[in-house]
Every structure is written in C-alpha cells, then in structure tokens.
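Following: one structure in structure tokens, then a few remarks.
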Amino acid sequence: MILVDSGSCDACENFALEAYLAGERDLGDAALMLWQTEPTLMLGRYQDARLEIDLARAQAEGVAVVRRPSGGGTIYTDRGGWQFSVIDRAPDAGIRFDKYIAPVVEALRAMGVPAAFNGRNDLVAGGRKFSGNAQYRIAGAAVHHGSLLFSTDLSRMEALTTPPREKLRSKGIRSVRDRVVNLCQFMAPDMTAEAFGRELLLRLAAGCAHYALDDADRARVRAIASQRFSGWARVFGDAPPFELERTAKLAGGWATFRLDVRRGRIARCDVSGDFFATVGADAIDAALRGCPYREADVCDALVRAGLDGAIYRVGAAELARAIVPGNGAE
Amino acid sequence: MKIEVTMPKMSPEMRSGVLCAWLKGEGDRVRKGEALFEVETEKVVCQVEAERDGVLVRLLAEEGDDMPVGAVLAEMEAQP
C-alpha cells in the first residue's frame, strides 16, 4: 500500500486524485488516501439533489454540493470528520467491502473504539453508524471510500439533508437515514479531529511507502477535478431523470407546470392554469425543450422566444422563478 | 450475429441493479473492453464493458430502470 496525500480539503480535488490513481497513474500497488473537506454535501452517483438536500440553505451557508462517482446516499462532511480512500488496481472480480474496511476497524479498535462492520456497507459503534462506505469500478480498478464521523456537526447535517418538499418523482437512489454517532464520544475529551486523523494515519499507513505528488500530477488532478467533478453539470446534469409539478400564483392567475427533466435539461413542460396569455401553452413548451433546468437559462430561453410578457403582467424572470424552484446550488 | 447485453451479477448477493447511464447509444460501434453502461447496486457503481466488438442495435432498458440480474438490457450485432 502506498500513501498519497492530496493536500486539499476540496472534495472534487480528492475525487479527482482517486480517479487519476485509478485510471491514469499506476503506482504499482494499491493507494491509500486520508482526507478532510470543508463543509460539503456529497450526493451519491445516482441521486437527485432536490430530493436530498436543502439547496437554498446550503448556498446561504456556503456549503459545497458535489456528486460522488460512487453509489449510495448523501453525506455531509466537514473538518470534524475524515474520509479514507483505497484505490485498488488489482481488485477481486466480485464486489468486496470487507478487505478495505477491516484495516480501519482494526486501527479504530486499537484506539479504543468498539468499532464493528455491520456486514453490509457501514461501520458502527454501540449500534450507531459512524462510517458509510461506497465504491466505484472502472476498467481494471476499484475505488473504495468511506467517511468517518469524529466531531462533525450532526445538527447541521440533519438540517442540510432535509429538503423542502417538492412534487418530484425520480428513479434515483434515495438516502437511508441512520442513527449516527461521532467517534469523539469514545475518545479522550481533549482529542481533536486533527489529532485523531494523525493517530489513525499512523496505524493505517504503518509500513506504507509514501508517494508525493509532483507538479505534473497536481496539474492533472486539478484538470480532472474541473472537467469531471465540479460545477452545475455534475450535480444537476448527471442526475436521474425526474418529473416535477409546480404551481405558482402569478399576477394574472394560477399556473401549474408539469416538467419532465432528463440529464438536467427540460424534455417537456406542460402549462395549465387560469392566467391570461397572448400565446398558447405550446409556445412555452417549445421554447423550453432542451433548455437546462436552471432559472437563468429558463429566463434566457423565454426571452429569446419572445415570451417576456406573453403572460399577462408576468415577465420572463418571474416566469422562470415559477418554473424553477429557488435553487442555491445553481 | 445478434448477442444480448445482460445485467451482470457482480456479487453473490446481487439480485438487481439500477441502470444509471448508457455510455453508448443505438447505432454506436463499440469495441471489446469499451464501457457500455453504468450500473449501481449496493452502493457500488460499475462501468460494464462490451465483451465483443460490434454495433449496439437496440437499447431495451431506460436509464433509471432497476433490472434483475440476467435481464436483457440491449442487443448488439457482433462482428466476427
């Protein structure tokens, strides 16, 4: 095993380093990373942000929203926790979690935590979860990553992962809410998250070689982060298809929008209601097909199609706000 | 020769998988080893590769579908 330090608390840069080590830079042995993030919400690969996250709150509080390439549900991470990753260039043919998790359980037990693997994907202590684990596989490599709650702000986690209700139907994977616990409860009261990470690393990486990224590695990792992990298109464009119904009170009456959104773009927008308009609902549908489901893009598309003001006393900006819920991460 | 692309069994416990994304479309020429689709099961996302060279003729499952192991997801015209 070779220890690699990303030197970054940006989740996208750490995902990019995993991808780089899995697909481009073979170190000749499995790689281990132990990393932290600034406050971040990580969606699973096939989840809908609108169903999992209070996006307006995340934006107001400056919490990053990103999509993991691995499966499972949404987690909240901050500097009170740690993530571990194993990049295995010679994985078993079938899916396995135990071989990546066992060294972590062993290290934590040696540190006094009554840690146990629940037999599926999680680590628990005293019956409560402190670590979720997920994987992805590309040609010839498996990437396993797990979270570790040490002193994470659990009330903030709860608030940020409780979105406002929308009439939204998605085929995506839904998160499962578990009873969680911070590992600091099992440690000496003066132990900090930093000290916990240092001690865990000493145990996990005992006897490991250390690979230091050079400038070329770092440049490539930053490029992968920006191309494959950052931005609106990753969070919303890579989402499962969904159907959404929104009703809004406009100046001239009520309007209901039934939307079909695929890969982040509007595939259909049925409009009905008792508003006054100079155009048929078909014109709105035609203007919006193929448009990214994002307030600014919807507004631009309406203006381009000459629909600014086509509904009585309703400008394009107001109509766009009615069609797209106030969405912080956009 | 027509061959069927099926949902693989990636662990002894796996019963089904969610088709997250087609990475190739109908009519696309694919080479053995190229990633065809992405599937999620039990918190693992796998890119599944083509086992033969050929042309992807017909997609029989949609993104978002939860498909049982062994279900036919697409038809390919294999090239000798």
Handout entry: Matching option when the condition is assigned to a strand (DSSP E or B), of a type outside the set (Ser, Thr, Tyr), modelled with pLDDT of 95 or more and open to solvent by 50 Å² or more (accessible area, probe 1.4 Å), among A:222, A:268
Key = A:268
Practice task
May I ask you to say which residue of A:302, A:307, A:259 is part of a helix (DSSP H, G or I), crowded, with 19+ Cβ neighbours inside 10 Å and not assigned by TED's automatic domain parsing to the domain that holds residue A:59?
Solution key: A:302
Completion exercise
Counted residues in the range A:53-62 being buried (at least 23 other Cβ atoms within 10 Å of the Cβ) and either touching an Asp or Glu at 6+ places or on another chain (Cβ under 7 Å) or modelled with pLDDT of 95 or more (or both) come to 2
Practice task
Among the residues of the range A:243-265, write down those that are within 13 Å of chain B (Cβ to nearest Cβ) and either closer than 18 Å to residue A:297 by Cα or among the aliphatic types (A, V, I, L, M) (or both).
Solution key: A:260, A:261, A:262, A:263, A:264
Practice task
Report, ordered by the first and then the second residue, all pairs with beta carbons closer than 8 Å, sequence separation of six or more or different chains, a first member in the range B:22-36 that is in contact (Cβ under 8 Å) with a residue 40 or more places away in the chain, and a second member that is of a type outside the set (A, V, I, L, M, F, W, C).
Solution key: B:22/B:63; B:30/B:24; B:30/B:53; B:30/B:54
Handout entry: Positions within the range A:169-186 being away from every other protein chain (no Cβ under 14 Å), open to solvent by 60 Å² or more (accessible area, probe 1.4 Å) and not basic (Lys, Arg), in sequence order
Key = A:185, A:186
Exercise for the section: State the number of residues belonging to the range A:102-129 that are surrounded by 20 or more Cβ atoms within 10 Å (Cβ to Cβ) and within 12 Å of chain B (Cβ to nearest Cβ). Expected result: 2
Handout entry: Whichever residue in the range A:130-148 is more than 17 Å from the chain's Cα centre (by Cα) and open to solvent by 10 Å² or more (accessible area, probe 1.4 Å) and, among such residues, is farthest from the other protein chains (Cβ to nearest Cβ)
Key = A:140
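The values are calculated or read from the model by the stated rules, or taken from the named source; none is laboratory data. Just so it is clear, the structure is predicted and the values come from calculations on it, not from any experiment. Every residue, glycine as well, gets a Cβ built from its backbone with ideal geometry; the counts of neighbours run over all protein chains shown. Calculation scope for accessible area: heavy atoms of the full protein, side chains included, ligands and nucleic acids excluded. Shrake-Rupley method; radii C 1.70, N 1.55, O 1.52, S 1.80 Å.
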